[in-house]
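Undergrad: First the structure, then my questions, so here it is.
The values are calculated or read from the model by the stated rules, or taken from the named source; none is laboratory data. Fair warning: this is a prediction, and the values are worked out from it, not measured in the lab. Quick reminder, even Gly has a Cβ in these numbers, built from the backbone with ideal geometry, and neighbours come from all protein chains shown. We work out accessible area using only protein heavy atoms, side chains counted, and drop any ligands, DNA or RNA first. Shrake-Rupley method; radii C 1.70, N 1.55, O 1.52, S 1.80 Å.
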Amino acid sequence: MDMKVKKVDKGFPDPKTGEFIQVLEDVNLKIEKGKFYCLMGPSGCGKSTLLHIMAGILRQDKGKVMMGGKTIKGPSPKLGVIFQEPSIFPWMTVKQNVEFGLKVAGFPRNARSERAQQYLNLVALKGFDDHRPHEISGGMKQKVAIARALAMDPQIMLMDEPFCSLDEQTRRKLDASLVEIHHRSNKTTVFVTHNIEEALLLADEIIMLSMRPATVKNVIKVALNHPRDPYDKLFLMMKKNIASEIDRCCFECATPDFPCSCQEVNLEGQ
């Protein structure tokens, strides 16, 4: 299922001064079925805000978001959302966590057990069914969150920097796992990241947002076959070109009173 973001604006009052801050302005996007998109831009420009609007968690001030031709008015089981920190229940086992949404949706016990096991196998957590969250690693916890979202069979996966708090080695492994999961599930995915290398490893297209108030600055097609080699000559050239685009953004939008935060985008990995 596709998604369209049309002329979306969003702002918030500053909690300290009360001054209104325009975060998003005239954002237009077309998300095509089955593709993997990475959403990038300067720190604080509104990437997470845009993702939460797409998820129906936040309401935009102007414009609309449509999925399959219908306006999104709130959270939906057709949208799977993964946050920066794994939102799993510490008192439940791994399998019970994956089954939770299915139980709420009224799936019979045998059906939800079978489906939960299917997605635990998909994210390579077979054998960890009865473990509690405190008994598994941070990366595995995010895999549980991904399995739980996939088990609900959403049309679109929305992921807000889900691996940002993990070490580089674990992050690379999860990026590779996510590519495999995406190819096997064929879910349309929008993934927020600051990391150019991660975006190039994952995405079919990279959506670049400008500095706040953010709008779509560019959409970069990544015409590289999976699995991708971060030391490949073409990969490195694309990485350099994206870094140069971020530098141009800094030059264009920075002022003496408000230096650009584009440089906070991680060029080399975290």
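Undergrad: Sorting His134, His183 by accessible area (1.4 Å probe), largest first, what list results? Please list the in-between numbers first.
TA: Numbers: His134 145, His183 110 Å².
The ordering from most to least exposed comes out as His134, His183.
Undergrad: Here is a follow-up. What whole-number value in cubic angstrom gives the convex hull volume per residue for the C-alpha atoms of region 1-50? Don't jump to the answer; show the numbers that get you there.
TA: Details: hull volume 4.0 nm³, N = 50.
Hull volume normalised by residue count: 81 Å³.
Undergrad: Does anyone have the angle between helix 168-185 and the longest principal axis of the chain? Alpha-carbon axes, 0 to 90°, nearest 10?
TA: Once rounded, one gets 70 degrees.
Undergrad: Carbon-plus-sulfur fraction of the accessible area of the chain, 1.4 Å probe, in percent?
TA: The value for the chain is 52 percent carbon and sulfur by accessible area.
Undergrad: Another question, then. On full extension of the chain, what length is gained from Lys126 through Cys164, given 0.36 nm per residue of separation minus the C-alpha to C-alpha distance? Walk me through the intermediate numbers first.
TA: Values: separation 38, 0.36 × 38 = 13.68 nm, distance 2.44 nm.
Separation in residues times 0.36 nm, less the Cα-Cα distance, equals 11.2 nm.
Undergrad: Now a separate question. Could you calculate the contour length gain from His183 to Glu135, that is, 0.36 nm times the residue separation minus the distance between their Cα atoms, to one decimal place in nm?
TA: Result for the pair: 14.4 nm of gain on full extension.
Undergrad: Rg and Dmax in Å for the chain, alpha carbons only: what are they?
TA: Reported Rg and Dmax, both Å: 19.0, 63.
Undergrad: For region 1-48, with every protein chain kept in place, what is the accessible area per residue (1.4 Å probe, Å²)?
TA: Solvent-accessible surface per residue comes out at 48 Å².
Undergrad: Can you give the net charge of the other residues whose Cβ lies under 10 Å from the Cβ of Arg59, counting K and R as +1 and D and E as -1?
TA: With Lys, Arg at +1 and Asp, Glu at -1, the net is +1.
Undergrad: Could you provide, to the nearest whole Å², the per residue accessible area of region 136-210 with probe 1.4 Å?
TA: Result: 28 Å² per residue.
Undergrad: Once you treat every alpha carbon in region 86-224 as an equal point and sum by Debye, what is log10 I(q)/I(0) at q = 0.12, 0.13 Å⁻¹?
TA: For region 86-224, the Cα-only Debye profile gives -0.52, -0.60.
Undergrad: Let me ask you something else. Place the peptides 84-94, 219-229 in order of packing, highest mean first, counting for every residue the other Cβ atoms within 10 Å and averaging per peptide.
TA: Working: 84-94: 15.8, 219-229: 12.8.
Top of the packing list down: 84-94, 219-229.
Undergrad: Among the DSSP beta bridges whose two residues both lie in the chain, what percent are antiparallel, rounded to the nearest 5?
TA: If we restrict to bridges inside the chain, about 50 percent are antiparallel.
Undergrad: Given just the C-alpha atoms of region 27-105, how large is their convex hull per residue in cubic angstrom?
TA: In region 27-105, the Cα convex hull volume per residue is 145 Å³.
Undergrad: Compute the orientation-averaged projected area for region 115-172 from the convex hull of its Cα atoms and round it to one decimal in nm².
TA: Mean orientational projected area (region 115-172, Cα hull): 4.4 nm².
Undergrad: Hey, another quick one. Lys and Arg at +1, Asp and Glu at -1: add these up for the other residues within a Cβ distance under 11 Å of Glu205 and post the number.
TA: My count for the surroundings of Glu205 gives +1.
Undergrad: When you take every Cα atom in region 160-209, what is the radius of gyration, and what is Dmax, the widest Cα pair distance, in Å?
TA: Over region 160-209's Cα set, Rg and Dmax evaluate to 10.6, 29 Å.
Undergrad: Is there a quick way to get the dipole size of region 1-115? I mean about its Cα centre, with the Cβ of Lys and Arg at +1 and of Asp and Glu at -1; what is the value in debye to the nearest 20? Before the final figure, lay out each step's value.
TA: Working: 20 positive and 11 negative charges, 118 e Å.
Value, rounded to 20: 560 debye.
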